[in-house]
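A quick write-up on the structure given underneath.
Read the figures in this text as sums done on the coordinates, not as results from a lab. For clarity, every value in this text was computed on a predicted model and none was experimentally measured. All Cβ positions, glycine included, derive from the backbone under ideal geometry; neighbour counts span all protein chains shown.
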Amino acid sequence: MDLRHCVIPAAGLGTRFLPATKALPKELLPVLDRPVIQWAVEEAVAAGASEMVVVISEGKELIQQHFTAQPDLEALLDARGKMAELAAVRATDHLASFTWVRQEQPLGLGHAVLCTAEAIGDHPFLCMLPDDLSYGTVPVLRQLVDAHKEYGTPILALMRVPPDQISRYGCAAIAESHGRVHRLSAVVEKPDRREAPSDLAIMGRYVLTPDIFDALRDTAPGAGGEIQLTDGIGALIRNGAVHGVEFTGELLDVGTPAGWLATNAMLALQDPVLGTVLRAAMEVDNR
């Protein structure tokens, strides 16, 4: 099974974080000691991927620089004896190999995935949105890869959400279930709570087969001229089996200011050094 590629769409404008993201891509906002995009790449590597296909847009070149060797910085750190920092900087250069794909217009997630067709070729591949950080014993992508090994179909990450939240997500209709693995009969993009076929939301992690590219080419643009990945997956369901996995663990939001702050605080509290600093700061604020 060839699952060495992972598509990471990172072409969005990051408007929720303005003005912080006026010049800085939101994917480079730090979560503790490394940027959001690095957490995503590390999860993909832990799932077995070795080739990252990152979709960027104009102004996102700083993401590419983060994973490119910086000889001047490395020489300076070496000269100053900052060996731990040097090792951390060099590690980003060797996490994986990278292909950088431009999305010239913001035409939706489905269009972003379609832009990677030439880079992916005739292979199944992982796809993940870096707006959520996997937290748990087994990374979410790894769980999807394990399911794909068993079923050989496209696999979606699913999470049960309260009925009043399902309209925020794509939603899966279920044909049959085997424990935490479900065969899907349809997918619906952001349904009204009264029309949602289930409480299973589609989260930003996928294993996709190369026929998704033909499905996306045949997908008509929706609102705003965007091509929805959900619509492409719906076409796959009509032509064959697609499964979803209710994953264990959590996906921590880093795509909104409130979620990003909460995730940083949660992870900092678990760090032996940062946790002490944060607790002390909170005690000062509560005096």
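Tabulated results
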{"read-out": "Eligible aspartates and glutamates near Lys60 by straight Cα distance, threshold 16 Å, same-chain separation 8 or greater", "value": "Glu27, Glu104, Asp131"}
{"read-out": "Given charges at Cβ of Lys, Arg, Asp, Glu: segment 5-255 dipole, positive-most of Val161, Val101, His5", "value": "Val161"}
{"read-out": "Rel. contact order, % - alpha carbon contacts under 8 angstrom, at least six apart, the chain", "value": "21 percent"}
{"read-out": "Sequence-distant residues sharing a close amide H with Thr99 (under 5 Å, placed H)", "value": "Met52, Val53, Val54"}
{"read-out": "GluC sites (Glu not before Pro) within segment 35-95, DSSP loop, no more than 12 other Cβ atoms inside 10 Å", "value": "Glu58"}
{"read-out": "Dipole magnitude (debye, nearest 20) for segment 5-255, charges at Cβ of Lys, Arg, Asp, Glu", "value": "380 debye"}
{"read-out": "Among Leu24, Leu144, Leu77, residue whose mean-square fluctuation peaks in a GNM of the chain (springs only between Cα atoms under 10 Å)", "value": "Leu77"}
{"read-out": "For segment 145-209: relative contact order, % (alpha-carbon pairs under 8 angstrom, 6 or more apart)", "value": "44 percent"}
{"read-out": "Segment 118-239, relative contact order [Cα under 8 Å, separation at least 6], %", "value": "30 percent"}
{"read-out": "Cβ-defined net charge surrounding Pro162, 12 Å radius [Lys, Arg +1; Asp, Glu -1]", "value": "+1"}
{"read-out": "Max mean-square fluctuation residue, GNM over the chain, Cα-Cα springs under 10 Å, options Asp164, Asp192, Asp72", "value": "Asp72"}
{"read-out": "Segment 115-176: projected area of the alpha-carbon convex hull, averaged over directions, in nm²", "value": "6.3 nm²"}
{"read-out": "Tail weight of P(r) past 23 Å, computed on alpha-carbon pairs of segment 5-255, percent", "value": "51 percent"}
{"read-out": "Gaussian network model of the chain, Cα within-10 Å springs - most flexible of Gly81, Gly204, Gly225", "value": "Gly81"}
{"read-out": "Peptides ranked, highest mean first, by Cβ atoms within 10 Å: ranges 25-32, 274-281, 152-159", "value": "152-159, 25-32, 274-281"}
